[in-house]
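Worksheet: one structure, shown below.
The values are calculated or read from the model by the stated rules, or taken from the named source; none is laboratory data. From a predicted model like this one, the values you see are computed outputs, not experimental measurements. Glycine gets a Cβ as well: all are built from the backbone with ideal geometry, and neighbour counts include every protein chain shown. Ligands, DNA and RNA are stripped out before the accessible areas are found, and what is left, the full protein with its side chains, is counted by its heavy atoms. Shrake-Rupley method; radii C 1.70, N 1.55, O 1.52, S 1.80 Å.
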Amino acid sequence: MPSRPVIRMGHPTLRLTADSVAITEIGTSEFKLLLSDLFDTMKVEGGIGIAAPQINVSKQIALIELPANSERYGTLESSELYTIINPEITVIDSELQGFWEGCLSVPGLRGYVERPRKVQINYTNEFGDQKELIVEDFLATVFQHELDHLFGNIYIDRITDSTKLSYLDEFLEYNSKKPEDSVDE
Ligand code: ZN
């Protein structure tokens, strides 16, 4: 299965609210192909998550999978592969936590973003089942970053201190303390 090109900030698709997926669409061969291409693109690009709008498909679909072993992400807990369709997010704990985020659609940059530390996600999975999930800490940031893409938002919008937006090379030279402080999606 092929990976697809990732579109970058400035492409209008990244600023749309993506269409919700019809339940009848889930399970079709075309839909499975889309999920497969999305997965392959995430792997080829080295992301820990990807949203369909990032391959120029304006549908509410995102994949998230933290790798078991990664030099890039250090000692993080790995996660299962989540296929998130038509999500609704509710903040469970509004206390903010900050991570340095990156994005496949904003290559070469890192920015420090504070987000609620615990959220609930109600969504449909790849089998069409209704699911509820509560995530916290690092995984909560990963989910919020990815699901933002389904509603026309990019992490750059969430940066409250613009002095904490950096090129990756300079970030690695001057700001990087621990690899797990950095999220690249
Ligand atoms: Zn992103």
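Rounded, prolate or oblate: which fits the stretch 1-67 when a ≥ b ≥ c are the square roots of the eigenvalues of the alpha-carbon gyration tensor, with rounded for a/c under 1.5 and prolate only if a/b beats b/c? In terms of gyration-tensor shape, oblate.
Compute the helix-to-body angle for 137-148: its Cα long axis versus the longest principal axis of the chain, expressed 0 to 90° and rounded to tens. That helix lies at roughly 60 degrees to the long axis.
Per residue, the stretch 12-184 exposes 48 Å² of accessible surface when a 1.4 Å probe is rolled over the protein heavy atoms with every protein chain present. If R0 equals 45 Å, the separation of the Cβ atoms of residue 56 and residue 132 corresponds to a calculated FRET efficiency of about 0.90. When a 1.4 Å probe is rolled over the protein heavy atoms, the share of accessible surface on the stretch 12-184 that falls to carbon and sulfur comes to 47 percent. As a length-normalised measure over Cα pairs under 8 Å and 6 or more apart, the relative contact order of the stretch 12-184 settles at 25 percent. Positive end of the dipole of the chain (Cβ unit charges, origin at the Cα centre): among 7, 100, 26, the Cα lying farthest that way belongs to 7. Rounded to the nearest 20 debye, the dipole size of the stretch 12-184 about its Cα centre is 220 debye, using +1 on the Cβ of Lys and Arg and -1 on the Cβ of Asp and Glu.
Taking Cα atoms only, the orientation of helix 29-45 departs from the longest principal axis of the chain by about 20 degrees. In terms of its C-alpha gyration tensor, the chain comes out prolate, because a/c is 1.5 or above and the ratio a/b outweighs b/c. With R₀ fixed at 30 Å, the C-beta to C-beta distance from residue 91 to residue 33 puts the FRET efficiency at about 0.30. Expressed as a whole percent, the proportion of Cα-Cα pairs in the stretch 91-168 lying more than 18 Å apart is 44%.
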